[in-house]
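None of the figures in this text is laboratory data; all of them are computed from the coordinates on show. Since the model is a prediction, treat every value here as computed from it, not as a measurement. Ideal geometry is used to build each Cβ from the backbone, glycine not excepted, and the neighbour counts take in all protein chains shown.
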Amino acid sequence: MVINRDGTITTYFDFNWPMDLNRVAATGAPSPKAGNPGRSTLVSWEIYEALALLVSEGAKSGTKYSITQDPALTEVDVISPKCVADIRAKLEEMIERKYVPVYIKDYVSVNRAVDTYKKAIEFIDKYKHAYISSGPFFISKVDTTANSVELTAFRTFPYKKDYFVKLFASTITNIENVNVPAMVQKTADVNVNVTVSTYVYPDPRTSPATDAVKVKATLITPAGEKVYTGKFDKAGAFTVTIPKADLANLAAGSYTLVVESNLKDEAPSVKSATLVVF
C-alpha cells in the first residue's frame, strides 16, 4: 500500500481472475479498523471519523494519536477512558463545525450528521466506551480489569428474522460440470457440454438453469485468448462450440479452457478444464 502525495492511496494485491473490474478493485480497498486487529470488527462511521480527526487534527488532551503501533505515539482506542474522553470531545467539536464527511455528503444532511454525533455522545456517557457497532447486540459494559465485556440484546430490533435474508436474496449460477472430449482433432468442430444450475442465495437448493443464464468459454493459447458464447440446449444444459478453424493453427498439446456462467452483473461461476489437441 502506497500513500501518495495528493492524499490518495494505491494498493497492490493479487486476486483471482476472471472477475468484474469493480469487484477486483473493491477487494484491494483500504480497510481501517478501530479495534480487534486482524478481525472484521467495525464501529459506526461517526466513531471512525472522530478517530481519523484525532489523528489528523489532534486531541483536546494534547495526546498525539496514531492508527499504527508506533511506540512514539498513542494508538487510538475506543475503550481506554482517556481516548474515549478525547473521542467525545472531538464529537462535540464536529457538532459545532457541523462536520459532514465528504464521502457521505450526498446522502447525509448536516442535521442528520449532528444528530448522529449527539447520539454517539449519549452512548459514550451511558456506557463509558465508544465501541458503537450494529446488529442485535451492543456492548453494555466493559471491564478492563477482568478483560471482559457484557452484551445486551436489542429486544426492540426493528426487523423480523427473515428481513435481511429476503432483502439480500439473489439468484446465482453454479457450473456443475464441464464435459470436454478426451482428445480433440483439428479437423472438426469441438462441442463442450456445460451443466449449469441456479440457486437463490442463501437458500442452497438448486434448479436447472434457464435460457436467461449466459455461458461463455475462454480458450487460452500462446497466441492469445479466444472467447466463445454458449448455446442453451435445454434446462441446465449448454453447448460451447470451438470451430475447427481456430483449432487448425494450434500445436499439439494441452490448453486451458475457462468456462463462466452468470445471469447479470453478479460474480460468475467459474470452472476450468483442459483441452487436449492432437
### Message
Helix 45-57 against the longest principal axis of the chain: what's the angle in degrees, Cα atoms only, rounded to the nearest 10?
### Response
70
### Summary
As a Kirkwood estimate from alpha-carbon pairs, the stretch 172-278 has a hydrodynamic radius in angstrom of 14.2
### Message
From the helices alone, meaning DSSP H stretches of at least four residues, give me the mean residue ellipticity at 222 nm for the chain, per-run term -39500 (n - 2.57), in deg cm²/dmol to the nearest 500.
### Response
-7000 deg cm²/dmol
### Task
Give me the percent of Cα-Cα pairs in the stretch 140-233 that sit more than 20 Å apart, rounded to a whole number.
64
### Query
What nm distance separates the two modelled labels at Lys82 and Thr274, each placed 7 Å from Cα along Cα→Cβ?
6.2
### Query
Within the stretch 144-177, what residues put their amide N at less than 19 Å from the label point 7 Å along the Cα-to-Cβ vector of Ser134?
152-170
### Message
Can you give me the angle between helix 110-127 and the longest principal axis of the chain, using Cα atoms only, in degrees from 0 to 90, rounded to the nearest 10?
### Response
70
### Query
All other residues with a Cβ under 9 Å from the Cβ of Tyr228 taken together, and with Lys, Arg as +1 and Asp, Glu as -1, what is their net charge?
+1
### Message
I'd like the trypsin sites (Lys or Arg not before Pro) in the stretch 188-278 restricted to DSSP loop residues with at most 13 other Cβ atoms within 10 Å, sorted by number.
### Response
Arg205, Lys264
### Summary
In nm, the gap between the two label points placed 7 Å beyond Cα toward Cβ at Ala252 and Lys234 is 3.8
### Query
Over the alpha carbons of the stretch 86-193, what is the largest minus smallest coordinate on each principal axis, giving the biggest first in Å?
78, 38, 30
### Query
Which links in Lys119/Lys161; Lys82/Lys105; Lys214/Lys234 stretch past 20 Å when you go from one Cα to the other?
Lys119/Lys161; Lys82/Lys105
### Part-to-part distance (alpha-carbon centres) for the stretch 111-172 and the stretch 229-244, which is given in Å
50
### Task
Calculate how large, on average over all directions, the projected area of the Cα convex hull of the stretch 58-103 is; give the answer in nm² to one decimal.
3.9
### Entries of Lys98/Lys118; Lys60/Lys128; Lys90/Lys141 with Cα pairs more than 20 Å apart
Lys90/Lys141
### Message
Below 8 Å, C-alpha to C-alpha, sequence gap of six or more: please give me the relative contact order for the stretch 116-157 in percent.
### Response
27
### Against the rule of thumb 2.2 N^0.38 Å, how large the Cα Rg of the stretch 31-153 comes out
1.04
### Query
Please state the Cα pair-distance histogram of the chain with 10 angstrom bins from zero: what percent is in each bin?
6, 19, 21, 17, 15, 13, 8, 1, 0
### Query
Remind me, what semi-axes does the stretch 215-266 give for its equivalent ellipsoid, largest first in whole Å, using sqrt of 5 times each Cα gyration tensor eigenvalue?
24, 13, 8
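D for the stretch 161-208, whole µm²/s, Stokes-Einstein with Kirkwood Rh over alpha-carbon pairs at 25 °C and 0.890 mPa s: what number?
Values: Rh = 13.4 Å.
Using the Kirkwood radius from Cα pairs, D works out to 183 µm²/s.
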### Message
Taking θ = phi - 60°, what integer Hz values does the Karplus form 6.51 cos²θ - 1.76 cosθ + 1.60 yield along the stretch 169-185, in sequence order, with x for Gly and Pro?
### Response
4, 8, 7, 10, 8, 9, 7, 7, 7, 10, 9, 10, x, 4, 10, 10, 8
